[in-house]
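Peer 1: Below you'll find the structure I mean.
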Amino acid sequence: DKSGEAATLNNLGLIYHSLGHKQKSLRYYYEALTLRHQVGDKSGEAATLNNLGLAYHSLGDKQKALGYYEEALPLSRQVGDKSGEAAILNNLGGVYSSLGEKNKALKYYEDALILRRFVGDKPGEATTLYNMGSVYHSLSDKQKALGYYEEALPLQRQVGDKSGEATTLNNI
């Protein structure tokens, strides 16, 4: 069961990533990616490529992260995975924001927000709204930042995201 093995390897990568073992997570993601490619699981490939992007972004290798996100995006679109596409767009926004390309980041966040609303992803919507607020804050557009934070806050409360709620309240 190559598909099941790939899913398990990807999940092991997620666990090691969440434990802070980024290099170890990469090994599992690469193994999962190979198997997913072999069995033609485009949706799984997109998810694993997205996870590789997350890992490299957290390791500070923004260019490598961009490469993986840009490889994942068309696969996600090809299989019609709107939730996955939204997550990848949001992650691309995060990398561009950290690279100082704030307008490019906002464009990706706007696209992610549309999809997250379309699929009813309230936690994702809150995250993207918060991210947009953060970009506007960094651009010294305090009014726009406040508007996005105030839009994110009730969603964070609705989904029980106490940490996000606290951060948003602090920024407000």
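The values are calculated or read from the model by the stated rules, or taken from the named source; none is laboratory data. Keep in mind it's a predicted model, so treat the numbers as computed, not measured. Because the Cβ atoms are built from the backbone with ideal geometry, glycine has one as well, and the counts that use them run over all protein chains shown. Areas reflect the complete protein model, heavy atoms only, side chains present, ligands, DNA and RNA absent. Shrake-Rupley method; radii C 1.70, N 1.55, O 1.52, S 1.80 Å.
Peer 1: Taking all protein chains as present, what is the carbon and sulfur share of the accessible area of region 65-161, in % to the nearest whole number, probe 1.4 Å?
Peer 2: 50
Peer 1: Name the most mobile residue of 22, 142, 104, meaning the one with the largest mean-square fluctuation, in a Gaussian network model of the chain with Cα contacts below 10 Å.
Peer 2: Judging by the Gaussian network model, the answer is 142.
Peer 1: What FRET efficiency, computed as 1/(1 + (r/R0)^6) with R0 = 45 Å and r the Cβ-Cβ distance, is obtained for residue 43 and residue 146, rounded to the nearest 0.05?
Peer 2: Calculated value: 0.75.
Peer 1: With a 10 Å cut-off between alpha carbons and a GNM built on the chain, which of 45, 150, 110 moves the most?
Peer 2: Looking only at 45, 150, 110, the largest GNM fluctuation is found for 150.
Peer 1: At 222 nm, what helix-only mean residue ellipticity would the chain give, in deg cm²/dmol to the nearest 500, using -39500 (n - 2.57) for each DSSP H run of four or more?
Peer 2: Roughly -29000 deg cm²/dmol at 222 nm, from the helical runs in the chain.
Peer 1: If the elastic network links every pair of Cα atoms under 10 Å, which of 140, 43, 97 fluctuates the most in the Gaussian network model of the chain?
Peer 2: Sorting by GNM fluctuation, first place goes to 140.
Peer 1: Rounded to the nearest 20 Debye, what is the dipole magnitude of region 61-171 about its Cα centre when Lys and Arg each give +1 and Asp and Glu each give -1 at the C-beta?
Peer 2: 140
Peer 1: What whole-number value in Å² describes the accessible area per residue of the chain for a 1.4 Å probe?
Peer 2: With the other protein chains kept in place, the chain gives 50 Å² per residue.
Peer 1: Further, regarding this structure: In region 10-159, if the dipole is taken from +1 on Lys/Arg beta carbons and -1 on Asp/Glu beta carbons about the Cα centre, which of 131, 43, 83 is farthest to the positive end?
Peer 2: Selected residue: 131.
Peer 1: Then there's this: Full-extension gain between residue 1 and residue 61, please, as 0.36 nm times their residue separation minus the C-alpha to C-alpha distance.
Peer 2: 18.3 nm
Peer 1: Quick one: net charge around residue 38, please, counting Lys, Arg +1 and Asp, Glu -1 for every other residue with C-beta under 14 Å from its C-beta.
Peer 2: It works out to a net charge of -2.
Peer 1: A further question on this structure: Nearest 10 degrees is fine. How inclined is helix 62-78 to the longest principal axis of the chain, computing both from alpha carbons?
Peer 2: For 62-78 against the chain, the angle is about 80 degrees.
Peer 1: Excluding same-chain residues fewer than 8 positions from residue 62, which lysines have a Cα within less than 28 Å of its Cα?
Peer 2: 22, 24, 42, 82, 102, 104, 107, 122, 142, 144
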